[in-house]
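Undergrad: Please find one structure pasted underneath; my questions will follow.
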Amino acid sequence: MKLLKPFSLTVLIFSFGITIAQKNYKKEADVAFVGEKYFKCIDMYKKAYTKERKAAIKAEILFKIAEAYRLSDQCGQAEVWYDKATKAQYPDPVALLHIANCKKLAGKYDEAIVFFNKYKAANPSDTRGEEGVKACTQAQQWKDKPTRFEVTHMPIINSEQYDFSPAFSDKKSQEIYFTSTRPGSTGAAPSDVTGQSFADLYVTKRDKNGKWSEPTLLGIEINSEFEEGASAINSKANQLFFTRCKFDKVGKFGCQIMTAKRAGQKWSEAELIPIAADSFAVGHPTITPDDNTLVFASDMPGGFGGKDLWYVVADKKAKGWSQPINLGAKINTPGDEMFPFIKDDGTLYFSSNGHPGMGGLDIFSAKKLGENQWGEVENLQSPINSNANDFAIIFEGNENKGFFTSNREGGKGADDIWEFYIRPLRFALKGTVKDIETKKPLADAVIKLVGTDGTSAEVKTNSDGEFEFEKNGNEDYIKENTSYSLVVSKNKYLNAKGKETTIGHTDSKIFVHEYELQPIIKPIVLPEIVYPYNEFYLTDQAKDSLNFLYNVMIDNPNIVIELRANTDSRGKDAYNNKLSQKRAESAVNYLIERGIEADRMKPKGYGKQVPRTLDRDFGPELKKGTVLTEAFINSFKNNKELFEQAHQLNRRTEFSILRTDYVSTRPSQEGEQK
C-alpha cells in the first residue's frame, strides 16, 4: 500500500505508535523498521544481508526486506523478496499469503489463487487462504462486467508524488482540498518513510468552463512542519477538519484530528480535537450533512481489527464531542477500514481491505438505516475499484459523480486523484405500423408517447410505416427509470395502445414495437360470445369476450358504434330478430355498467338478415370472401361437421363504427373505465 500519507492507507503511518528504541533489536535496520522508516531500513537490511553468515537470520532479513517493500506500497518488489525468503526456507507460511496478495494487487488473479491455495494447504486453520480464492474469483467477474461508472485521470491536479484524499471545500463543489507530497511542502525535511516531502494540504478551483486550476499550498494556519492531509469540511464550508501526523521527541508516531474555522477567505490557526489518548491514532475525519456527527478511523481499543471506523456526536452545550462509538461489525472487520465519506443522502462510503475486494483497499458503501446506523456493506466494483488501492471517494451532493484516489495503472504518480461519473443509459423506441388485414405499412400514422415523468412527444410514420423516438435535441425521448404509454392512431383506423418501461434496466436498449391497426370501414367481429340456448343473459365467457370491445372503446374515446347481434338462419325470422335484439341490448348494458357512455353504443339485432362474409380462410370449403347464405350452408347438409361450422360462424356479435367525432359531456371519474 501507499505510505507517507497522514493517517494513510497503510498499516505503517497509522499505527499503534511504536517507539524507535526497542531493547530486543540490535541492528540499526531493525530500529528503523520498527520505527516504520521503511525507505531508510531497506538499504540497511541489504547491507546486513551481505555480512550475515547464519542461514536462518539471512532468511529473516530477506523477509524483513519484503515486508518493508510491502508496507511502503511497493508490492512488486515485495513479491520478489518474499520469493527469496521462501526459497531460503523462511519458516512462516505468511510469506505465501503476502505473495498471493501482491499478485492480487497486480491483477494476476489466477496466479494469486495458486498461492492462496498454497497458503491454505500450509495453514489450513487460517480462513484467509480460502477467502482469498473467493475474492479473486469475484474480482475477475467484476472486472469482466464493469458497472456504468466512467473513470478518468486528472493530470492538472496530480503530480509524480502522492496526491490523494480530495474533499470539497466550498458549498458548490467548485473547490477541492487534497493531500500531496509534491516538492514545496511546509515541512522541509524529507520523510524517512518514503524519502519524499512531508504531506500537506493543497487547493484547486474549478472555473466556469469546468477546468481545474494549478494546485496551490494552503497557509501555515493549516500546514505545519509535520504531515497534514485527509480533510473534510462542514455544510456551511466554514469549519475544516483534517489529520495531522508527527513523530514526538521519543520517536513515537501518532495522528490526530485538527480543526480550523474560516472567516472570509482566511482560516484560523488549527486546534486539536481531543478524541482519544495520544497513544492511539485517529484521523480521516468526515462530517455528516447535519454537522452533528464526526466519523473517523482509529486504532483505539474496542475495535474489530487494525483500523476501525468510529464516530463522535457534537455536544453543543459543552462545546465539544461525545465519547467515541464504534460503527460495529457490519462496517468494521479484522482488517482496516478508513477514509469515510457521507453522502448528502446519508449513505456511508469507506475503504477497506477486510471486506472482500478486488485488490488492496476497495471502496464500499452502506445505506443509512437510522440515526448513525448503516445497513449491509456493498462493494462499488469495477471500474471504481481495481486490483490496486482505491480509496477516499467523495460525491458532488447526491449526484453520481465525484472523485476518488487510486494507485492503478494509467496514473501520473504514486497515488493519483481520479474523477468518476455514471455513464447515462441510452434508450430509444422504434417500430412499425401496419394494416392488420393487408399487412401493408401505414404512412402518417401518429404515435403519441407519454411518460410518467410528465414528458410527452409525438411522431409520425414514414412511407414505410416506420417510426422512432430517439433524440429530442440534446435529450433522449426515452429516459431512465420511467414508464411510457403509447397511443397509435390513423384516420379510418381504430387506435392501438402500447406500454414500455426503462425501470429495472441496467443496460442501454432499443425497444421495438410493432402495431397493426384495425380499419373501421366494415363491421369488426368480436371474439366468440356463447349464449345459453334460447337465452340472452351474459355468461362469464361472454363478458370476457365483451371486454375486448370495452378496451376498444377506452382506447378510442371518439367513436360511436353499432353493436350487432346475429343469429344463424335456422328458426323463424321474428323470433331470431327479437332474440338477437335482446342479446345486443344485454351486451350494451354490460358495457354501460363498466362505465362506457350509453350514447356511444346503439344495440341492433339483425337476426339472420346479414349473413357473414368471411374475412379469412376457415378451411378448404370456407374461403375468404365467401358469403354464408342459407342456400350456401344448406349445400353442406350431408357434411354435418361443416354444416354446423358454417352456422356457428353466422352466430356472431360484431360492431361497426358509426361516427368518429364523439366528445364526452361528462367528467371522467377516478376508477372509471379501468
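Undergrad: Of the residues that make up region 596-616, is at least one in the same structural domain as R652 (by TED's automatic domain parsing) and at positive phi?
TA: At the first step, the residues of region 596-616 found to be in the same structural domain as R652 (by TED's automatic domain parsing) are 596-616.
Next, from what is left, pick out any that are at positive phi: 607.
Within region 596-616 (the criterion being in the same structural domain as R652 (by TED's automatic domain parsing) and at positive phi), the answer is yes, since at least one residue qualifies.
Undergrad: Limited to region 281-294, what total is found for residues that are touching a residue at least 24 places away in the same chain (Cβ under 8 Å) and over 13 Å from T243 (Cβ atoms)? It would help to see each step written out before you state the result.
TA: Start the filter on region 281-294 by keeping residues that are touching a residue at least 24 places away in the same chain (Cβ under 8 Å), which leaves 281-291, 293-294.
Next cut, over 13 Å from T243 (Cβ atoms) only: 287-291, 293.
Selection size over region 281-294: 6.
Undergrad: Being of a type outside the set (V, I, T) and buried (at least 20 other Cβ atoms within 10 Å of the Cβ) is true for just one of K104, K87. Which residue is that? Show your work before the answer.
TA: Numbers: K87 fails: buried (at least 20 other Cβ atoms within 10 Å of the Cβ).
Matching residue, one of K104, K87: K104.
Undergrad: So which residues in region 153-186 are crowded, with 16+ Cβ neighbours inside 10 Å and of a type in the set (V, I, T), if there are any at all?
TA: Scanning region 153-186 gives I157, I176, T179, T181, T186.
Undergrad: Considering only residues that are among the polar types (S, T, N, Q) and under 23 Å from A388 (Cα atoms), which ones fall in region 83-126? Break it down into steps so the answer makes sense when it comes.
TA: First, the residues of region 83-126 that are among the polar types (S, T, N, Q): 86, 89, 101, 117, 123, 125.
Residues satisfying the conditions are N101, N117.
Undergrad: Now for a different question. Only one residue in G283, G303, G264 is of a type in the set (G, A, S) and over 20 Å from I233 (Cα atoms). Which one?
TA: On the way: G283 fails: over 20 Å from I233 (Cα atoms); G264 fails: over 20 Å from I233 (Cα atoms).
Result: G303 is the single residue among G283, G303, G264 that is of a type in the set (G, A, S) and over 20 Å from I233 (Cα atoms).
Undergrad: Let me ask something additional. Would you point out the residue of region 441-451, among those that are among the hydrophobic types (A, V, I, L, M, F, W, C) and assigned to a strand (DSSP E or B), that is farthest from K624 (Cα to Cα)?
TA: The residue in question is V450.
Undergrad: Inside region 486-512, can you point out the residues that are over 30 Å from F149 (Cα atoms) and either modelled with pLDDT of 95 or more or surrounded by 14 or more Cβ atoms within 10 Å (Cβ to Cβ) (or both)? If you could, list the steps in order and put the result at the bottom.
TA: Keep residues of region 486-512 that are over 30 Å from F149 (Cα atoms), which gives 486-498.
Within region 486-512, L486, V487, V488, S489, K490, Y493, L494, N495, A496, K497, G498 qualify.
A quick yes/no check of all residues on (1) touching a Phe, Trp or Tyr at 6+ places or on another chain (Cβ under 6 Å); (2) aromatic (F, W, Y); (3) over 23 Å from I503 (Cβ atoms); (4) part of a strand (DSSP E or B):
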| residue | (1), (2), (3), (4) |
| --- | --- |
| G410 | no, no, yes, no |
| Y421 | no, yes, no, yes |
| L429 | yes, no, no, yes |
| T432 | no, no, yes, yes |
| K439 | no, no, yes, no |
| D453 | no, no, no, no |
| N462 | no, no, yes, no |
| L486 | no, no, no, yes |
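Undergrad: Can you tell me which of G210, G184 is touching a strand residue (DSSP E or B) at 6+ places or on another chain (Cβ under 8 Å) and at positive phi? Full working, then the answer.
TA: Details: G210 fails: touching a strand residue (DSSP E or B) at 6+ places or on another chain (Cβ under 8 Å).
So the residue among G210, G184 that is touching a strand residue (DSSP E or B) at 6+ places or on another chain (Cβ under 8 Å) and at positive phi is G184.
Undergrad: Against the definition (among the small types (G, A, S), farther than 30 Å from Y590 by Cβ and at pLDDT below 95), how does G454 come out, yes or no? Quick ask: steps written out before the conclusion?
TA: Working: among the small types (G, A, S): yes; farther than 30 Å from Y590 by Cβ: yes; at pLDDT below 95: yes.
It is true that G454 is among the small types (G, A, S), farther than 30 Å from Y590 by Cβ and at pLDDT below 95.
Undergrad: Among the residues of region 402-422, count how many are in contact with a strand residue (DSSP E or B) (Cβ under 8 Å, 6 or more places away or on another chain) and exposed (fewer than 14 other Cβ atoms within 10 Å of the Cβ).
TA: Summing the residues that are in contact with a strand residue (DSSP E or B) (Cβ under 8 Å, 6 or more places away or on another chain) and exposed (fewer than 14 other Cβ atoms within 10 Å of the Cβ) in region 402-422 gives 2.
Undergrad: Here is a further query. List pairs: first in region 455-475 and of a type in the set (D, E), second not in a strand (DSSP E or B), Cβ under 7 Å, 6+ apart or cross-chain?
TA: E470/Y477
Undergrad: Another question, then. Those residues that are among the basic types (K, R) and either within 20 Å of G360 (Cβ to Cβ) or surrounded by 20 or more Cβ atoms within 10 Å (Cβ to Cβ) (or both), I need them from region 65-84; list them, please.
TA: Of region 65-84, the ones among the basic types (K, R) are 70, 84.
Once the filter is applied, which keeps residues that are among the basic types (K, R) and either within 20 Å of G360 (Cβ to Cβ) or surrounded by 20 or more Cβ atoms within 10 Å (Cβ to Cβ) (or both), region 65-84 yields only R70.
Undergrad: So, in region 599-615, of the ones that are out of contact with any helix residue (DSSP H, G or I) (no Cβ under 8 Å at 6 or more places or on another chain) and over 30 Å from R666 (Cβ atoms), which residue ends up modelled with the lowest pLDDT?
TA: My answer is D615.
The values are calculated or read from the model by the stated rules, or taken from the named source; none is laboratory data. For clarity, every value in this text was computed on a predicted model and none was experimentally measured. We place every Cβ from the backbone using ideal geometry, glycine too, and count neighbours over all the protein chains shown.
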